[in-house]
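**Student:** Take a look at this one; I'll ask things after.
We did not get these values from a lab; they are worked out from the coordinates using the rules stated. Please read these numbers as outputs of a predicted model, since none were measured by experiment. Positions of Cβ are backbone-derived with ideal geometry, glycine not excepted, and every protein chain shown enters the neighbour counts.
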Amino acid sequence: MAATSVRELELDLDAFEGPFDLLLTLLLKEELEPREVDIAAIVISFVEILAERDEIDLEACGEFLVLVSALLELKARLLFPDEAAELDGLEPEEAAEELARRLAEYRRMKEASVWLAERLAAERDRWFRLGPAPLAPQPERRLAPQDASALAEALRGLAVPPPKVSLSHMALRFPPVSQFLERFRSLLARRRRFDFDAEVGGLSRVEQAVAFLALLELRKTGEVALDQAAPFAPIRISSSRPWPATAPTGRSPAPPRSDAADEPMPSGAVQSTVPSGLGSSPTSQEREEGLELSHDERIETWTARSA
Amino acid sequence: MDSTLRLIASNPVDQLARTVEALLVVASAPLSVAELAEASADDPERVETALGLLRERYSERRSGIVLEEVAGGYAFRASREASDACARLFERPVERGLTQAALETLAVVAYLGPCSRPEVARIRGVAADSAVASLVERGLIAEAGRESAPGGAVRYRTTPLFERVFALESLAALPRLDDLGADTGELRDRLLEVASARAS
C-alpha cells in the first residue's frame, strides 16, 4: 500500500528542502505513516525519473542521496528507538513525541519562510536607499594638553627659509684665459722654453682647455713659438723674444736647457704663479663668482677673436 | 497678517522638523528617535512631534518621498507609485534570488536567533552552511557572538536591514509562530497513533 502511494507521488526533488520537508509532504499530502514509508520505492521512483531523462543531473542526484539517507536515518530511529543515540532510552511514545516535536518545529519555520516570501512579494514596490553603514562609531580623538609656546616653537622651526641649494656642481667652471696668459708670461720670463703638457698636467680638463686658448693667444700675438714633433707629441713652447729680454734682472742668460722643459714644475711653483683670488682652493663663493666672471670674459674673448 | 506669518516661520517645532528632515535625507539607514534627538540637540518628545509633521507631509500619494517607521527608526523611501520607475533604474541586490533554503534559514534565525548553524541544520534537517553564507553576504543576518561552550559555534541574528527589507518596525512585528503552524496538534496525534500501534 505504501509502495504504491510513493510510486504515484510525483517526486519533484527541487521542491523539497531537506528530509523534514520530504517527510512532511509524505505525511500530510500522501497520508503515509513514517515507519511505513517505503524508502526503496522512493529510490526506485527517483531512478525511473532519471531514466526518463537523457542526462544525469549530478546536483539533483547528490541532493537526493542526502535526502534519502536522512530519511532512512529517521525511519531507522523511529523503528529502533533503542539504538538511536539521540533518542536513546526513549519509549516509542516518547520517540514519536520527539519526532513530532521536531517536525512541528520545522513546519512552523517552513510556514514562517512562506510568510517571509509573501511579505517580500508584497513589499517589492518599496524602494529605499542602501548604503554603507553611515553611523560607524566615531573615533574620539583625545589630544594631550598642549603648550601654546611649544606650538610657536615648532612653527618657528618651520618658518626658517630653507638653505639655498647650491647648483655649483652642475656647471663647468671656466677660469679666465687671462689667468693663463699671465701665468705663461711669467713662466717665459724665467725660462726660455717649457713643455705645455708638463705644465698643465695637474690641471682639470677644462683648465687645460682654457690654458690651450691662452697658448693660442700668445702665439697670435707672436710672443711664443710652438713646436710639436708629431701629432699628440708634447707641445713645446719657446719664447720668440730675445732672451733674456723679459727675464728677471740679475740673472745671467743661460743656455736653453732642453731637458728642463720636460720636467714638470713642482706643484708649489705652479700655484705660486696663480694670481691671488684664483688659488687652487678658493671658497665656493669665490669659485662661483669666478665662474660668472670667467664666463663673460671668455665670451668677450671669443667675440673679439671672431670679429 | 505679517506678524502671523512670522510666528509660523519661527515655530520651533517646524524648525526642528526641518532639521530632522535634513538628517533623514542624509542617512542611508533608519534613524531612531534617540539618534535624531541627539543630533538635533532637542527633546525626544518634540522630535516625535516633528516626525508627525513630516509623516503627514511625506506620505503616499502626496509626495514621491515617503517617511516610514521601520527597523526601530524612521527612514525615507520612494513612494510605491514610483516603484516601476525605480525598478527600471535600480537593482535589489539584497532580496534578488533568495532561495527557499535561505528563506527557511532566515526564518529560523529571525524567530530563534541568535542561533548557530548546527541549530539551523538540526531544525531544517540539512546543512545550512551555504544558506547562512548567502544571508551574511546579503547583510540580512550577522554574527552575534558564540555559543557559551568552549569553541562554541558562531551565532547569527537578523540585521536592521532584514527588518527594513521585510518592512518590519521591529522583530516583534513578525507574526506569532502559533498562528502559523495551526495543525501541529494533528501531526502529533498521527505520530502518537503510529507509536502506540507499534508498542502494543
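**Student:** What is the set of long-range amide H partners of residue B:70 at a cut-off below 5 Å, with H atoms built 1.01 Å from backbone N?
**Tutor:** Excluding prolines and chain starts, which carry no amide H, the hits are B:75.
**Student:** May I pose another question? With a Förster radius of 45 Å, plug the Cβ-Cβ distance of residue B:148 and residue B:99 into 1/(1 + (r/R0)^6) and report the FRET value to the nearest 0.05. Write down the numbers at each step before the final one.
**Tutor:** On the way: r = 31 Å, r/R0 = 0.69.
After rounding, the FRET efficiency stands at 0.90.
**Student:** Next up: Give me the one-decimal nm value for the distance between modelled label points at residue A:197 and residue B:137, 7 Å along each residue's Cα-to-Cβ direction.
**Tutor:** 8.3
**Student:** Excluding residue B:92 itself, what net charge comes from residues whose Cβ is under 15 Å from its Cβ, given Lys and Arg +1 and Asp and Glu -1? Mind dumping the intermediate values first?
**Tutor:** Working: positive: A:119, A:124, A:126, A:129, B:77, B:80, B:88, B:96, B:138, B:164; negative: A:123, A:125, B:84, B:91, B:95, B:137.
Summing Lys/Arg as +1 and Asp/Glu as -1 gives +4.
**Student:** Just to be sure I understand the model, the point goes 7 Å from the Cα along the line to the Cβ. What's the resulting residue A:158 to residue B:59 distance in nm?
**Tutor:** Label at residue A:158, label at residue B:59, 5.7 nm between them.
**Student:** Among B:141, A:56, B:65, which comes first, second and so on when ranked by fewest other beta-carbon atoms within 10 Å? Write out the running numbers ahead of the final one.
**Tutor:** Numbers: B:141 26, A:56 9, B:65 17.
Ascending Cβ contact count within 10 Å gives the list A:56, B:65, B:141.
**Student:** While we're on this one: Can you give the FRET efficiency for residue B:130 and residue A:43, using 1/(1 + (r/R0)^6), R0 = 30 Å, r = Cβ-Cβ distance, to the nearest 0.05? Walk me through the intermediate numbers first.
**Tutor:** Values: r = 25 Å, r/R0 = 0.84.
After rounding to 0.05, the efficiency reads 0.75.
**Student:** Amide H neighbours of residue A:127 under 5 Å, counting only residues 5+ apart in sequence or on other chains, H built in-plane at 1.01 Å?
**Tutor:** Correct list: B:78.
**Student:** From the backbone phi of the stretch A:224-231, what are the Karplus-calculated ³J(HN,Hα) couplings (6.51 cos²θ - 1.76 cosθ + 1.60, θ = phi - 60°) in whole Hz, Gly and Pro given as x?
**Tutor:** 10, 10, 10, 8, 9, 5, 7, x
**Student:** With θ taken as phi - 60° and the coefficients 6.51, -1.76 and 1.60, list the Karplus ³J(HN,Hα) couplings across the stretch B:123-138 in order, rounded to whole Hz; mark glycine and proline as x.
**Tutor:** 6, 8, x, 9, 4, 10, 4, 5, 5, 5, 4, 5, 5, 5, 5, 6
**Student:** A further question on this structure: Provide the gained length on full extension for the span residue B:18 to residue B:169, in nm with one decimal, where the gain is 0.36 nm per separating residue minus the Cα-Cα distance. Before the final figure, lay out the partial values.
**Tutor:** Details: separation 151, 0.36 × 151 = 54.36 nm, distance 2.35 nm.
Going from the current span to full extension adds 52.0 nm.
**Student:** So how do A:113, A:240, A:168 line up by other beta-carbon neighbours within 10 Å, fewest first? Write out the running numbers ahead of the final one.
**Tutor:** Details: A:113 24, A:240 14, A:168 11.
By the 10 Å Cβ count, ascending, the order reads A:168, A:240, A:113.
**Student:** Taking the Cβ of each residue in A:110, A:220, A:164 as the centre, tally the other Cβ atoms inside 10 Å and list the residues starting with the fewest. Let's see the in-between values first.
**Tutor:** Working: A:110 24, A:220 10, A:164 6.
Fewest-to-most ranking of A:110, A:220, A:164: A:164, A:220, A:110.
**Student:** Once you have the Cα-Cα distance between residue B:38 and residue B:84, take 0.36 nm times their residue separation minus that, and quote the gain in nm to one decimal. If you can, show how the numbers build up before the last one.
**Tutor:** Details: separation 46, 0.36 × 46 = 16.56 nm, distance 3.65 nm.
Length gained, residue B:38 through residue B:84: 12.9 nm.
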